[in-house]
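The values are calculated or read from the model by the stated rules, or taken from the named source; none is laboratory data. These numbers come from a predicted model, not from an experiment. Note: ideal-geometry Cβ built from the backbone for every residue, glycine included; neighbour counts use all protein chains shown. Protein only, heavy atoms only, side chains kept; ligands, DNA and RNA dropped before computing areas. Shrake-Rupley method; radii C 1.70, N 1.55, O 1.52, S 1.80 Å.
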Amino acid sequence: GCILDGKLYPFGEIARTENCFRCSCSQDEMRCCSLFHTPIGYDKENCKVIFNKKSCDYDVVQKSDPSKECFVYSRV
């Protein structure tokens, strides 16, 4: 298998690792890509970015009230 962040994964396709990556594990290499997109276009003055490990994505919330989401107009 392949080891990523100290955890052993079997050969083949890995739909989701503990750290929110999709990977392909072979005897020669392990290739991974993220399942999340980083927000870059939002109100940086009034909002903050928090990683949500449950949904494997970033939440953008109000600094004054984190229970309220902010509008995100672009991600990378």
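General observations
- Note on the range 38-71: residues that are in contact (Cβ under 8 Å) with a residue 12 or more places away in the chain, open to solvent by 50 Å² or more (accessible area, probe 1.4 Å) and of a type in the set (Gly, Ala, Ser) amount to 1.
- Among the residues of the range 31-76, those identified as under 19 Å from ASN19 (Cα atoms) and in a loop (DSSP other than H, G, I, E, B) are LEU35, PHE36, HIS37, THR38, LYS53, LYS54, SER55, CYS56, VAL76.
- One residue stands out among those in the range 2-33 that are touching a strand residue (DSSP E or B) at 6+ places or on another chain (Cβ under 8 Å) and on the phi > 0 side of the Ramachandran plot: the one that is least open to solvent (accessible area, probe 1.4 Å), which is CYS20.
- Restricting attention to the range 11-69, the residues that are of a type in the set (Gly, Ala, Ser) and within 18 Å of the chain's Cα centre (by Cα) total 5.
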